[in-house]
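The values are calculated or read from the model by the stated rules, or taken from the named source; none is laboratory data. Quick caveat, the model's predicted, so the values are computed rather than measured. Every residue, glycine as well, gets a Cβ built from its backbone with ideal geometry; the counts of neighbours run over all protein chains shown. The accessibility values were calculated without ligands, DNA or RNA, using every heavy atom of the protein model including side chains. Shrake-Rupley method; radii C 1.70, N 1.55, O 1.52, S 1.80 Å.
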Amino acid sequence: MQERGLCFFKFTDYEYTSDIFDLNIMPKLLNLHRAARLVGVTRGALQKKIQGGELDSFDGMVTLDELHRAYPNAALEDSTVLEQIEQIKDSAFSRRIMDRTLPDKEVLAARLHELSKELVESKALLNHAQGMLSGISNLLDEWAKQPGERASAAASLKTWLQEQRLQTLPTSDASALMIRDNFLRVISAQVKVLPSGADFFVEGNDTILEAALRAGIPLAYGCSSGSCGSCKARVLSGEIKQVRSHEYVMPPTQQAQGYALMCSCTAVSDLVLEAEVAQSPHDLPQQQLSGEVRAVDQPTDEVAVIHIKTPLRDRLRFLAGQRAVLTLGGSLAAELPIASCPCEDRHLEFHVRRLHGNYFSDYVFDQLKAGDGVSIRGPGGDFVLDAASSRPTIFIAFCTGFAPVKSLMEHAMALDQAESIHLLWIATKESGLYLPGLARAWADALDNFTYTPILVGGDLDATATRQESMVARIIGPKLLAIPTLTRADIYVAGPSVAVGAMKKFLMGLCVPEAQIFVDYEG
């Protein structure tokens, strides 16, 4: 008889179902992060397909067959996930492709060993299943020779078994995806962090901490060089390997509980960690440190870009979009947005407008040079990314409001979960778009990224009435052309009057206020 699509049959005194033929050989399930990486799209793109019914999921997981059905050409494209990721990192984060290396030989050997064990186990299960199927097939042949209903039922069951066997064979393209997934498992390991649920990949010779920060996951850390112990986390499952020396001595009780320093270890296999992740600005302590100016660039006469290197054992921990107080020349201080991403290790970047008569600005343009010492205090501000959201994201930057927006966008790209990203960069004249090559590089590297430069003329510090008119006439039509506008998260930064006018305009379009995030300059 049949019930709920399962075939039931009586073998001697036992009742069996078709479940016995599974033998734990279930369709391979991938979480969305790994699946997106495999076919070269964002997690947001996969979530959109799931929400639209184009991709079936099971408890937040997808099968290789479903993934191939939704992306039939993924296995045939040469420039998919690996090249795209490298291009993004090269263009957006100034990381050279040649710096990406394979894991060290011991880590590589361990990962290959794990895959070999899986292969042996899979072959053993397959041989066992084939033996069972052969025995069942012979038994059904015997039953088919007997008169009555048993012969008919036996013939039907044998036909069903043959159909099921054919359905479980993967297509050549789905097999190619499986091969690529196994390759990615050799060169990288996936880490899940509890209780936050964040996950990321460890590649090459990166430590777990380096990989987390690069992926936009703000794990707790202090010196990041093995001296303070702030980055210790508990390994709940998986295997790690120490790849960097450290001075910190882990208490024996914590060693026994599986604690390790994330700045000194890499992932040998997929891991589950118990670790602190900063969820909001309130989770970060105030810090005071010194740094050194690496370079002062002036892309235009109106903007200077300061690059600062922090000490090896004293780095600033912050969330993308936050601010810090920068003190130059011993006493000249200003609170500025941090333009770099937390994923950029010891590098901090600040953008300064040319304001004649302003002591801080004049010092930056006329006297500051490479090698000068600076004092940094922070972080501050709550203009941060809603890291849990997978909604479309729109960034609106007025002139040097691009500084915090740049940090947020690099963080968003590292998280790789926004359905789409739009950047509208607004200035009164061409020179106000002072890093156009960077914005164009993002647009070239990311399929889901759109860059719209807008020149408005006039003065962005003009009266509120004039700003509101400018926003409605010039910027409004560009925004209204974005089909996802009212359901997007929108981040706006720049002069306070212009930002206020933009927020008023967006709320007039019924964009929920909870989805509008603003940073007022000055």
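Some points to look at:
- Taking the 1.4 Å solvent-accessible surface of the stretch 441-513 as the whole, the part contributed by carbon and sulfur is 55%.
- Nearest 10 degrees, 0 to 90: helix 105-144 Cα axis against the chain principal axis: 30
- Accessible surface for the chain, divided over its residues, is 48 Å² per residue with a 1.4 Å probe.
- A simple count of charges around ALA124, restricted to other residues whose Cβ falls under 13 Å of its Cβ and scoring Lys, Arg +1 and Asp, Glu -1, yields 0.
- Farthest positive-ward along the chain dipole, Cα basis, beta-carbon charges - from ALA493, ALA333, VAL202: ALA333
- Each Lys or Arg adds one and each Asp or Glu takes one away; over the other residues whose Cβ falls under 9 Å from the Cβ of LYS192, this sums to -2.
- Computed from the C-beta positions of LYS429 and SER290, the FRET efficiency with R₀ = 30 Å rounds to 0.20.
- Rg to Rh, two decimals, where the stretch 201-273 supplies the alpha carbon set and Rh follows Kirkwood: 0.92
- Cα-based helix-to-principal-axis angle, 496-508 vs the chain, degrees rounded to 10: 40
- The stretch between THR327 and ARG354, if pulled fully straight at 0.36 nm per residue, gains 8.0 nm over its current Cα-Cα span.
- The stretch 235-319 - percent of accessible surface contributed by carbon and sulfur, probe 1.4 Å: 46
- Where N is the number of residues in the stretch 328-424, Cα Rg divided by 2.2 N^0.38 Å: 1.24
- Annotation: extensible slack from GLU247 through LYS504 equals 87.2 nm (criterion: 0.36 nm per residue apart, minus Cα-Cα distance).
- Principal axis dimensions, the stretch 472-522 - Cα atoms, whole angstrom, descending: 32, 25, 14
- In terms of its C-alpha gyration tensor, the stretch 203-244 comes out rounded, because the ratio a/c of the largest to the smallest axis stays below 1.5.
- When the Cα convex hull of the stretch 413-463 is projected onto planes of every orientation, the mean area is 4.5 nm².
- With only Cα atoms counted, the stretch 291-368 has Rg and Dmax values of 12.3, 37 Å.
- Qualifying lysines (Cα of each under 23 Å from Cα of LYS145; at least 8 residues distant if same chain): LYS10, LYS158
- Sequence-separation-based contact order of the chain, relative, with Cα cut under 8 Å and 6+ spacing, percent: 12
- The helix-based estimate of mean residue ellipticity at 222 nm for the chain, built from -39,500 (n - 2.57) per DSSP H run of four or more residues and divided by its residue count, is -11000 deg cm²/dmol to the nearest 500.
- Given +1 at the Cβ of Lys and Arg, -1 at the Cβ of Asp and Glu and no other charges, the dipole of the stretch 243-301 around its Cα centre is 220 debye to the nearest 20.
- For the chain, the share of DSSP beta bridges that are antiparallel, to the nearest 5, is 65%.
- Two numbers describe the Cα atoms of the stretch 231-375: Rg and Dmax, which are 19.4, 61 Å.
- The angle between the Cα long axis of helix 81-92 and the longest principal axis of the Cα atoms of the chain comes to about 10 degrees, rounded to the nearest 10.
- Among residues other than ASP301 with Cβ under 13 Å from its Cβ, the summed charge is -1 (Lys and Arg +1, Asp and Glu -1).
- Overall form of the stretch 124-258 per C-alpha gyration tensor (a/c, 1.5; a/b vs b/c): prolate
- Modelled this way, with points 7 Å down the Cα-to-C-beta line, the labels at GLU106 and GLN257 are 2.6 nm from one another.
- Per-residue SASA entry for LYS117, accessible area with 1.4 Å probe, Å² rounded to 10: 90
- Computed FRET value (nearest 0.05) for GLN51 with ASP141, which takes r as the C-beta separation and R₀ as 35 Å: 0.15
- Kirkwood estimate for the chain, i.e. one over the average of 1/r between Cα atoms, Å: 26.2
- Label-to-label distance, nm, for residues given as ARG346 and LYS123 (7 Å Cα→Cβ offset): 4.9
- Anisotropy class of the stretch 373-442 from Cα gyration tensor, a/c 1.5 cut: oblate
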